Protein chains: 2
Amino acid sequence: MDNQEIRKAGLKVTLPRVKILELLEASVPRHVSAEDVYKMLLEKGEEIGLATVYRVLTQFEAAGLVTRHNFEEGHAVFELDRGEHHDHIVCVLCGKVEEFMDATIEERQKEIAAEHGFEMEDHSLIIYGRCNKPSCPGRE
Amino acid sequence: MDNQEIRKAGLKVTLPRVKILELLEASVPRHVSAEDVYKMLLEKGEEIGLATVYRVLTQFEAAGLVTRHNFEEGHAVFELDRGEHHDHIVCVLCGKVEEFMDATIEERQKEIAAEHGFEMEDHSLIIYGRCNKPSCPGRE
DNA sequence: CTCGTAATGCAAAAGATTCCCATCTCTCTT
DNA sequence: AAGAGAGATGGGAATCTTTTGCATTACGAG
């Protein structure tokens with residue numbers, strides 16, 4: 001039950017928070033903006049303010065329930081954190097996002113941070129490219 | 001001479017463009033926001049509009065003269081492109097940015113993109129951590 | 001069930017970036 | 001060197017994303 005996750009995060013179990021978490025769990029695509037969440041809620045008949053969506057997403061991020069990404073679209077996108085770290089490949093043509101995880105790269109990053117006298121806290125690796133899906137508008 | 005670079009990019013050699021390019025070449029730190037550039041120009045007595053700074057930086061980016069990064073500060077930062085690709089380590093406490101380049105990671109990225117059916121076009125790797133400089137406010 | 005605190009919604013604010021358009025300036029041509 | 005035309009600039013308005021202030025409402029401990 002979602003309620004436990006919210007409670008564990010030290011937050012009151014309110015309707016907006018439950019609905020937003022439910023939505024993120026059911027959401028395809030997995031990477032959505034605050035605006036997306038807001039609109040999806042409206043479509044489901046939930047009258048939740050945009051400001052609340054932003055606040056809740058930020059709180060969920062602080063609690064480790066969701067991860068925020070800054071792709072190159074001018075707005076942040078959020079995805080439910082399923083406990084397993086991964087990085088992203090984004091298609092510059094159709095916006096499709098795929099996930100991957102590579103032990104070699106993860107390892108090297110830690111080493112590099114250490115070599116530079118940094119204690120690694122987080123990292124963001126995004127590969128931009130053209131996917132070759134038949135549905136991608138960039139195919140000629 | 002800067003003028004050639006601007007001309008090569010197919011842009012008219014105008015005062016704002018020359019001044020901005022000069023500033024980027026001389027600038028320390030190397031990673032500056034549009035607002036930073038605007039203010040630095042003002043301090044030098046150059047009355048160049050903020051809109052122009054944005055336009056010129058975007059054109060320079062399109063021309064491959066500068067690179068735009070989306071760190072986690074809510075605004076883009078730009079740096080002069082010196083022809084050699086590199087990635088970044090950003091201190092989450094003091095904002096300090098260091099650069100690095102790792103052949104192993106570069107290599108793996110290409111492979112991963114290919115494995116996922118993508119043609120890699122670009123990528124962005126940012127490590128966030130705490131630097132251990134004596135000047136960093138995060139030291140306790 | 002009642003109360004106090006924390007959460008919400010709305011509207012206004014703030015920050016970043018883009019757009020509009022009248023004016024100015026390169027650059028190419030004579 | 002002067003003129004014309006395309007392109008560039010500046011400044012403010014507009015847009016977009018995200019945050020904030022505040023009055024109202026909803027959890028949840030007792």
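Exactly one residue among B:76, B:51 is under 26 Å from residue B:98 (Cβ atoms) and small (Gly, Ala, Ser), and that residue is B:76. Applying the condition of being surrounded by 13 or more Cβ atoms within 10 Å (Cβ to Cβ) and more than 7 Å from chain B (Cβ to nearest Cβ) to the range A:95-110 and asking which residue is farthest from residue A:84 (Cα to Cα) yields A:95.
Of the residues examined, residue B:97 is not one that is over 30 Å from residue A:137 (Cα atoms), assigned by TED's automatic domain parsing to the domain that holds residue B:13 and among the hydrophobic types (A, V, I, L, M, F, W, C).
Within the range A:111-133, which residues are more than 7 Å from chain B (Cβ to nearest Cβ) and among the hydrophobic types (A, V, I, L, M, F, W, C)? Working first, answer last.
From the range A:111-133, those more than 7 Å from chain B (Cβ to nearest Cβ) are A:111, A:114-115, A:133; that's our starting set.
Within the range A:111-133, just A:114 meets the criteria.
Filter the range A:55-68 for residues that are surrounded by fewer than 18 Cβ atoms within 10 Å (Cβ to Cβ) and more than 9 Å from DNA strand C (Cβ to nearest atom) and give the result. Lay out the reasoning, then the answer.
Looking only at the range A:55-68, we keep the residues that are surrounded by fewer than 18 Cβ atoms within 10 Å (Cβ to Cβ), and these are A:55, A:58-59, A:61-64, A:68.
Within the range A:55-68, A:58, A:61, A:62, A:63, A:64, A:68 qualify.
Scanning the range A:129-140 for residues that are among the small types (Gly, Ala, Ser) and assigned to a loop (DSSP other than H, G, I, E, B) returns A:135, A:138. Restricting attention to the range A:78-94 and to residues that are surrounded by 15 or more Cβ atoms within 10 Å (Cβ to Cβ) and more than 12 Å from chain B (Cβ to nearest Cβ), the residue that is farthest from residue A:27 (Cα to Cα) turns out to be A:81.
The single condition among (1) within 16 Å of DNA strand C (Cβ to nearest atom); (2) under 21 Å from residue B:88 (Cβ atoms) that residue A:121 does not meet is (1).
For residue A:116, state whether it is of a type outside the set (Phe, Trp, Tyr) and surrounded by 15 or more Cβ atoms within 10 Å (Cβ to Cβ). Taking the combined requirement at face value, the residue satisfies it. Counting only residues that are within 10 Å of DNA strand D (Cβ to nearest atom) and surrounded by 14 or more Cβ atoms within 10 Å (Cβ to Cβ), the range A:3-12 holds 2 of them.
Evaluation of residue B:70 against the conditions (1) more than 11 Å from DNA strand D (Cβ to nearest atom); (2) within 14 Å of chain A (Cβ to nearest Cβ); (3) in contact (Cβ under 8 Å) with a residue 12 or more places away in the chain shows that the sole unmet condition is (1). Only residues that are surrounded by fewer than 19 Cβ atoms within 10 Å (Cβ to Cβ) and either within 9 Å of DNA strand D (Cβ to nearest atom) or within 14 Å of chain A (Cβ to nearest Cβ) (or both) were counted in the range B:20-51, giving 5.
Every test in (1) closer than 20 Å to residue B:99 by Cβ; (2) surrounded by fewer than 17 Cβ atoms within 10 Å (Cβ to Cβ); (3) not charged (D, E, K, R) is passed by residue B:71 save one, and that test is (2). Is one or more of the residues making up the range A:43-54 outside the structural domain of residue A:17 (by TED's automatic domain parsing) and either within 16 Å of DNA strand C (Cβ to nearest atom) or touching a Ser or Thr at 6+ places or on another chain (Cβ under 9 Å) (or both)? Checking the range A:43-54: not a single residue is outside the structural domain of residue A:17 (by TED's automatic domain parsing) and either within 16 Å of DNA strand C (Cβ to nearest atom) or touching a Ser or Thr at 6+ places or on another chain (Cβ under 9 Å) (or both).
The values are calculated or read from the model by the stated rules, or taken from the named source; none is laboratory data. Just so it is clear, the structure is predicted and the values come from calculations on it, not from any experiment. Here Cβ is always computed from backbone atoms with ideal geometry, including for glycine, and neighbour counts include all displayed protein chains.
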